[in-house]
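Written below as structure tokens is the structure these notes are about.
The values are calculated or read from the model by the stated rules, or taken from the named source; none is laboratory data. Since this is a predicted model, take the numbers as computed values, not measurements. Here Cβ is always computed from backbone atoms with ideal geometry, including for glycine, and neighbour counts include all displayed protein chains. Note: accessible area is taken over every heavy atom of the protein model, side chains too, but ligands, DNA and RNA are not part of it. Shrake-Rupley method; radii C 1.70, N 1.55, O 1.52, S 1.80 Å.
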Amino acid sequence: MGMVSSNGSKKNYKISRKSRVKKKNLAQIRLRQFSIVVFLFVLGVCLLSLYKMIFLPRIVLEGESVVEVPYLGKYKEDGYLSSYQGKDITSKVKVKGKVNYKKIGEYTITYEVSYHGRKSSKTRVIKVVDNKKPKITFTGDNKKLYVCPNTKYLFDDYQAVDDYDGDITNKVKVDEEENRMRYEVKDSSGNKTVKYRKVFYKDIEGPKLTLDDSLTVMLVVGDEFKDSTYQVEDNCSSAKDIKVTISGKVDTSKAGEYERVYKAKDKYGNVTKVVQKISVMEPSKQGVIYLTFDDGPRSGTTDIILNVLKEKGVKATFFVTNSGPDDLIKRAYDEGHSIGLHTASHDYSVVYKSVDSYFNDLKAVSDRVYRITGEKSMLIRFPGGSSNTISKRYSVGIMSTLTKEVLNRGYRYYDWNVDSRDAEGGKFSADEIASFVTSNLSHDRVNMVLMHDIKVTTKDAIGKIIDYGKANGYRFEAITNYTDMVTQRVNN
Ligand code: ZN
């Protein structure tokens, strides 16, 4: 049995050895076959390439074959070359394909060349991508967030905008971390923006107090003064928790400048101050004549007018410009006349171009007067008067704004109710001018007389006007800061 068994196992061994050899041969054969296939394939590819190289036109792209371009950007062609058997045929290449830079995506540009019926092509991929981060902006402070004490953050003071997705405010995730708020937003392309703000549960804003009346009030001696009613509101306190105190003395029995100060204090101690300015003017003096001269000074006329005024002992008002000699303004001021502000340029297209332009011009003449007299004049005469319509040409509605704004800035303006007509192109003689004035005087009102000290006829008329006034019981005065305003109706 042992033999059999040993024979048997020997036999088995032989068989298995034989089959292993067989298997080995088979593997070798398969490898050889595979090598041949690979060889033939490589040969085929080589031959094809060779064929292409020799018999098809060649295209070479410069730059990358895949290019990323930002959204709304533009791909600038990197260039290409084409040849056929050594001959440059680049000019025959046709570039096809469109890229929509307004839409994220992949776009293919095809470069095709055809030469004697043989065609080649290559492609380049343009990827339009959004690689810009979205922006988070805050209504208030960028770094600090103040939330009213004992209230919750309202999540209403930020905005997120992406150049591609547009408004993505609703995608903002807000988390409160220790002492700070974290804002995170991602656009559809995965670009992420994170911002932080420190949180304070504190009220730092004062209440808003609005007077129902103007911030500048003009009264006449003897008028009654009443405090203005007002509205208050606050970010953190209710109106009933806001305390308002009013201080400052107003004495309407005396001409002068007064202030009423309105102070509003919220629940958390923040204070807002609003100042109302009250000018108490002298009562209008019936029967008084205010001689007013515009457009000067001018050598040869203003000086003669000053001589006449001096000789007759009369004070007048000069609304000056930036022309003429300084010393005539100095002399008028020194001799007790009032210096008012007319305009620096007297160019309507400059003066009435805009509110800013008006005040720039006014500042120029104001600076001149201050430099010469050492006193800041608060008296204004608008070029053309406040009722002028010529300003409409340069700025619609400007007189309505200016007549209020000059008062807000502490000035007074004076129009006229008696026109000497001396500015009407030298049409009238000195006698006529004098009679235009004298025939319009009245004992029942203030007489604000418009004249121009640059006119030759005016200097000759002035003596006659003064003589008439004196003979008929009128008084002559210069305008002061408390002379009640004489104003015309605003038409623009
Ligand atoms: Zn003028």
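Under a 1.4 angstrom probe, counting protein chains only, how are Lys23, Lys152 ranked by accessible area, largest first?
Lys152, Lys23
Of the cross-linked pairs Lys96/Lys135; Lys87/Lys122; Lys102/Lys198, which ones have a Cα-Cα span greater than 29 Å in the structure shown?
Beyond 29 Å: Lys96/Lys135; Lys102/Lys198.
Size of the dipole of the chain about the Cα centre, Lys and Arg at +1 and Asp and Glu at -1 on the beta carbon, nothing else charged, in debye to 20?
7160
Taking the mean number of other Cβ atoms within 10 Å as a proxy for protection, how do you rank 447-454, 482-489 from highest to lowest?
So the order, starting with the most tightly packed, is 447-454, 482-489.
To the nearest 0.05, what FRET efficiency results for Phe55 and Gln33 with a Förster distance of 35 Å applied to their C-beta separation?
0.65
Describe numerically, in nm with one decimal, the distance between label points set 7 Å from Cα along Cα→Cβ at Lys249 and at Lys470.
Each label point is offset 7 Å from its Cα along the Cβ direction, giving 4.2 nm.
Can you sort Asp88, Asp326 by solvent-accessible area, 1.4 Å probe, largest first?
Asp88, Asp326
So, with a 1.4 angstrom probe, what is the percent of accessible area on the stretch 62-215 that is carbon and sulfur?
Taking all protein chains in place, the stretch 62-215 shows 47 percent carbon and sulfur surface.
Just by accessible area at a 1.4 angstrom probe, what is the order of Glu177, Glu233 from largest to smallest?
My answer, sorted largest first, is Glu233, Glu177.
In the chain, if every C-alpha pair distance is counted and binned at 20 Å from zero, what percent goes to each bin?
15, 24, 18, 18, 12, 6, 4, 2, 0
Can you give me the relative contact order of the stretch 135-200 as a percent, contacts being Cα pairs under 8 Å and 6 or more apart?
Contact order relative to length: 33 percent.
So, for the chain, what is the accessible surface per residue at a probe of 1.4 Å, expressed in square angstrom?
On a per-residue basis, the chain sits at 58 Å².
To one decimal place, what Kirkwood hydrodynamic radius in Å is obtained for the stretch 208-281 from all pairs of distinct Cα atoms?
One decimal place: 13.1 Å for the Kirkwood radius.
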